[in-house]
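A short write-up of the structure that comes next.
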Amino acid sequence: MASFKTVMKSGHPPTLFAAFLYFDFCFAIWVLNGAMGPFITETYKLTPAQTGFMISLPILAGAIMRFPLGVLAQYIGRKNAAITEMTIIMLAMAYGFFYVNTYDEVLAMGVLLGIAGASFGVALSLGSGWFPKEHKGLAMGIAGAGNSGTVLAVLFAPPLAQVYGWQSVYGFAGCVMAIPLIVMIVFAKEPPDAEHQSFKEHVSCLFQKDGWAFNLIYIITFGGFIGLSNFLPTFFYEQFSVTKVEAGRLTMLAALMGSGIRVVGGYFADRMGGILVLSVVLLAAVGSFLLLTATPSLALTTALFMLCFAALGAGNGALFQLVPLRWPANTAVAGSMIGEVGALGGAILPNVMGLSKQYTGSFAYGFVGYAVFAAVVLGCLLVWQRKWVGTWVGPRGKVLTPAASEPGHAAPLGPVTA
């Protein structure tokens with residue numbers, strides 16, 4: 001606790017809390033259709049492929065919107081961008097409450113839910129902007145733990161949908177969005193770490209190989225987290241014939257594990273190195289995905305998903321310990337770009353799972369595909385880190401120190417492309 005207090009004293013805790021709350025409520029709204037998937041599927045008699053597409057659409061829309069919001073935040077400020085986004089989300093929830101009555105309108109609502117998914121890069125940059133670089137991993141882990149909004153969605157949306165109808169959940173969500181909006185307005189302060197740069201400088205990370213290496217890793221960690229978070233209520237409901245509310249509670253156990261471990265991932269990445277932590281969690285993800293193909297019992301499946309989500313959550317925290325080290329001057333844009341591509345991976349997963357179920361009668365092929373992909377990325381990480389260490393990051397992914405730049409190591413550079 002003493003170490004934690006030291007970290008908090010080095011920054012601005014009220015802004016960090018506001019960023020966490022902002023991301024938490026946005027995340028809950030982003031995954032609403034996934035949490036209510038069994039209800040929507042039953043209402044419109046959807047096929048597994050249709051359900052997968054419906055669940056994936058908010059993820060896809062949110063991924064596309066992340067980078068533009070990150071760029072906007074560089075010009076109007078991260079606090080103002082967050083306030084603007086939350087205001088638009090409340091209007092979108094009003095549309096869902098009053099006008100969504102057909103499957104096509106559910107798809108349109110999925111695009112609007114994507115607005116909430118755009119909050120990621122801004123929330124993390126806002127929350128960590130007051131903290132020195134040696135503590136940014138923990139600060140980003142705390143702000144990023146707002147993906148615990150998945151827990152809120154799967155815990156509250158199914159019971160509310162069962163009692164009041166699933167369209168009413170949009171209305172409830174719009175009302176509670178006022179909480180993080182007020183907290184942001186009253187308590188948050190714009191961090192002092194922004195630099196005035198040209199648009200070309202802002203988007204330079206899009207044209208660097210490191211950025212795309214980070215993207216592939218994040219497709220596994222965050223893409224797996226968001227994709228599975230959205231699909232698990234449908235998976236539990238169809239695979240084990242549990243009730244819709246029970247499916248939400250089982251999903252909550254896995255999502256809660258992944259959200260909480262994200263902070264731990266950032267903490268250990270600060271101390272042990274983000275590259276080392278990523279290597280361990282990718283290996284754990286490969287193992288858990290492969291074990292899930294055996295279709296174990298409900299209890300063992302839930303335990304495996306908890307292990308899988310823990311690995312993915314720790315990986316999310318570890319990766320974003322590295323982001324401000326690689327792009328210290330435009331963390332918001334780099335984070336948004338990486339988050340955008342990573343979320344695209346999450347949009348693929350529900351579709352793959354739905355197609356696998358529809359055409360093979362099993363979800364196993366979806367798990368195998370993600371396990372193979374994670375194994376390939378793990379192998380690539382072992383190659384990439386040879387170029388990273390000593391250039392912009394220290395051994396195992398820790399903060400680069402003067403000792404790491406002595407003979408035998410490359411000196412710290414500005415933007416690098418490999």
Cβ contacts < 6 Å: first residue at negative phi, restricted to segment 370-396; second residue modelled with pLDDT of 90 or more and assigned to a strand (DSSP E or B), any location; separation 6+ or different chain. Result?
PRO395/VAL389
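Quick grid of which residues meet (1) in a helix (DSSP H, G or I); (2) more than 26 Å from GLU246 (Cβ to Cβ); (3) of a type outside the set (A, V, I, L, M, F, W, C); (4) open to solvent by 60 Å² or more (accessible area, probe 1.4 Å):
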| residue | (1), (2), (3), (4) |
| --- | --- |
| PHE98 | yes, yes, no, yes |
| ASN101 | no, yes, yes, yes |
| LEU107 | yes, yes, no, no |
| VAL111 | yes, yes, no, yes |
| GLY144 | yes, yes, yes, no |
| PRO158 | yes, no, yes, no |
| ALA161 | yes, no, no, no |
| MET184 | yes, yes, no, no |
Against the definition (part of a helix (DSSP H, G or I), touching a residue at least 12 places away in the same chain (Cβ under 8 Å) and surrounded by 23 or more Cβ atoms within 10 Å (Cβ to Cβ)), how does GLY223 come out, yes or no?
yes
Residue pairs, Cβ under 9 Å, 6 or more apart or interchain, first in segment 307-322 and under 10 Å from GLY266 (Cβ atoms), second open to solvent by less than 10 Å² (accessible area, probe 1.4 Å) and outside any helix (DSSP H, G or I). List them.
ALA318/GLY273; GLN321/GLY273
Please determine whether any residue of segment 358-377 is of a type in the set (S, T, N, Q), open to solvent by 10 Å² or more (accessible area, probe 1.4 Å), more than 26 Å from SER125 (Cβ to Cβ) and out of contact with any helix residue (DSSP H, G or I) (no Cβ under 9 Å at 6 or more places or on another chain).
yes
Tell me which of these TYR218 doesn't satisfy, since it passes every other one: (1) in a helix (DSSP H, G or I); (2) out of contact with any Gly (no Cβ under 6 Å at 6 or more places or on another chain).
(2)
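Might you check whether a residue that is among the polar types (S, T, N, Q), more than 23 Å from the chain's Cα centre (by Cα) and either closer than 19 Å to ILE275 by Cα or modelled with pLDDT under 95 (or both) occurs anywhere in segment 192-210?
There is at least one residue in segment 192-210 that is among the polar types (S, T, N, Q), more than 23 Å from the chain's Cα centre (by Cα) and either closer than 19 Å to ILE275 by Cα or modelled with pLDDT under 95 (or both).
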Taking the criterion of being at pLDDT 95 or above and at positive phi, would at least one residue in segment 113-133 satisfy it?
no
For segment 343-355, how many residues meet the condition of being open to solvent by 10 Å² or more (accessible area, probe 1.4 Å) and either over 13 Å from ILE220 (Cα atoms) or part of a loop (DSSP other than H, G, I, E, B) (or both)?
3
Looking only at segment 398-412, decide whether some residue is at pLDDT 90 or above, under 26 Å from PHE207 (Cβ atoms) and either in a loop (DSSP other than H, G, I, E, B) or under 26 Å from the mean Cα position of the chain (by Cα) (or both).
no
Take MET353 and decide whether it is within 16 Å of the chain's Cα centre (by Cα) and either of a type outside the set (D, E, K, R) or closer than 22 Å to ILE64 by Cα (or both).
no
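The values are calculated or read from the model by the stated rules, or taken from the named source; none is laboratory data. Given the structure is predicted, the values throughout are model-derived calculations rather than measurements. Because the Cβ atoms are built from the backbone with ideal geometry, glycine has one as well, and the counts that use them run over all protein chains shown. Surface accessibility is based on the protein's heavy atoms, side chains included, excluding ligands, DNA and RNA. Shrake-Rupley method; radii C 1.70, N 1.55, O 1.52, S 1.80 Å.
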